[in-house]
Amino acid sequence: MVNLPPKYVQTIRSIHQEKGEEWLQNFDSLIHYCEKKWSLKVLPPFELSYNFVAPAKKKDGGQVVLKLSVPSKEFYSEVDALRYFAGDGMVRIIDMEVERGILILERLTPGYTLATLEGDIEATKIAAGIMKSLWVLDTSDSILPHIEDRERSLHHFFKEHPAGKAPITQDLLQKAIHTFQSLLDEKNERYILHGDLHHYNILKADSSWIAIDPKGLVGEREYDTIQFLLNNLPYDNNLEAILSNRIAVLVDKLKLNERRILAWGFAHGVLSTCWSLEDGEDYSSAFFKSIFVFENLHNKKYGLLGVG
């Protein structure tokens, strides 16, 4: 029997409602099923957030990672993204049962995250290399969510909170919506993206660095840099220098459009804070401050955001 942390149990109930409750009731049976089918011994889990993720030992002494999710649209997108990326800079699938929400993944060792690397520029160069290896042009048969879904999420928040919700003001919401619309109207080339690539989703594996936990998203490459830019930031006034340096590396290594990175940074920074507020969580102070750093950098170099 696995003792699930109360906070994790509450998260599953909150997100998945009745389906989540049923999944929790059957959780021990699901673990037993996995151990029997794949001849595994499931070990204590890693820190849990939205999915159950734990190392597991095979009969031959080797280790894998067992990832269990409540079957959902988000889970199916993750599986599709893992298939698209097919192990190129991405953790490999060993086996799965999609209908049960089961993934057996390779174990990455030593497995520490990119956030542990002291040099920020070096970490950014590593992330740029992973982005370059992952991104592939969108195909007509892709069933992954599109970046327009993110825009609709922002519209939904505005509909629910037309006057804004602290610390997001009505003006910030309107400006972010306009920025989203303007960028989408320019119809840049679309790629299959990770969708949540940041320092904590990049792990050390032997002599290389490997990405994990793709959300799967169709959109432009500049958008996929934003989660990385927003993460592992200090809580002081050095944000502008750090973000500027990171952006310079990404633009150089990946030949990206700086103006679009800054505009997406502003728009997604607002959206990400809105998501935290919707989920009843404490919003990230660094994320929120970054909104204005992106806006100021854009305004100084390329003119005012949200005008037109």
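The values are calculated or read from the model by the stated rules, or taken from the named source; none is laboratory data. Predicted model only: the values in this text are computed from it and were never measured. All Cβ positions, even for glycine, are placed from backbone atoms using ideal geometry, and neighbour counts span all protein chains on display.
Residues in the stretch 50-80 that are closer than 17 Å to Val136 by Cα and out of contact with any helix residue (DSSP H, G or I) (no Cβ under 9 Å at 6 or more places or on another chain): how many? Don't jump to the end; show me each part of the working.
In the first step, residues of the stretch 50-80 are kept if they are closer than 17 Å to Val136 by Cα; the result is 77-80.
So of that shortlist, the ones also out of contact with any helix residue (DSSP H, G or I) (no Cβ under 9 Å at 6 or more places or on another chain) come out as 77-78, 80.
Count: 3.
Go through the stretch 1-79 and tell me which strands (runs of 3 or more DSSP E), entirely inside it, have 2 or more residues that are among the small types (Gly, Ala, Ser), in contact with a Pro (Cβ under 7 Å, 6 or more places away or on another chain) and free of Cβ contacts under 8 Å to residues at least 40 places away in the same chain.
Values: elements: 40-42, 52-58, 63-68.
Ranges flagged: none.
Here is a yes/no grid of residues against (1) assigned by TED's automatic domain parsing to the domain that holds Ile15; (2) over 19 Å from Val53 (Cβ atoms); (3) hydrophobic (A, V, I, L, M, F, W, C):
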{"position": "Lys67", "(1), (2), (3)": "yes, no, no"}
{"position": "Tyr76", "(1), (2), (3)": "yes, no, no"}
{"position": "Ala86", "(1), (2), (3)": "yes, yes, yes"}
{"position": "Ile121", "(1), (2), (3)": "no, yes, yes"}
{"position": "Ala128", "(1), (2), (3)": "no, yes, yes"}
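At least 1 residues that are over 25 Å from Val249 (Cβ atoms) and among the basic types (Lys, Arg) in each: list the helices (runs of 4 or more DSSP H) lying fully within the stretch 93-186 that qualify. First the steps, then the outcome.
Details: elements: 120-134, 147-160, 170-185.
Helices (runs of 4 or more DSSP H) meeting the threshold: 147-160, 170-185.
Being more than 15 Å from the chain's Cα centre (by Cα) and closer than 23 Å to Ala54 by Cβ is the filter; apply it to the stretch 185-207 and report the residue that is surrounded by the most Cβ atoms within 10 Å (Cβ to Cβ). Step through it out loud before you land on a result.
Step one: filter the stretch 185-207 for residues more than 15 Å from the chain's Cα centre (by Cα), giving 185-191, 204-207.
Narrowing the set further to residues that are closer than 23 Å to Ala54 by Cβ leaves 204-206.
Working: Lys204: 18, Ala205: 16, Asp206: 9.
Going through the qualifying residues, I end up with Lys204.
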Review point. Is there any pair with a first residue in the stretch 238-257 that is closer than 10 Å to Glu222 by Cβ and a second that is surrounded by fewer than 15 Cβ atoms within 10 Å (Cβ to Cβ) and of a type in the set (D, E, K, R) whose Cβ atoms are under 9 Å apart and which are 6 or more apart or on different chains, and what are they?
Key: Leu254/Lys132
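Is the stretch 136-144 home to any residue that is more than 25 Å from Val79 (Cβ to Cβ), of a type outside the set (Ser, Thr, Tyr) and either over 21 Å from the mean Cα position of the chain (by Cα) or in the same structural domain as Gly89 (by TED's automatic domain parsing) (or both)? Let's see the steps before the verdict.
As a first pass, look at the stretch 136-144 and keep what is more than 25 Å from Val79 (Cβ to Cβ): none.
No, there is no match, as no residue in the stretch 136-144 is more than 25 Å from Val79 (Cβ to Cβ), of a type outside the set (Ser, Thr, Tyr) and either over 21 Å from the mean Cα position of the chain (by Cα) or in the same structural domain as Gly89 (by TED's automatic domain parsing) (or both).
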Check your understanding: Do we find that Ser69 is of a type in the set (Gly, Ala, Ser), surrounded by fewer than 16 Cβ atoms within 10 Å (Cβ to Cβ) and closer than 27 Å to Glu281 by Cβ in this structure?
Key -> no
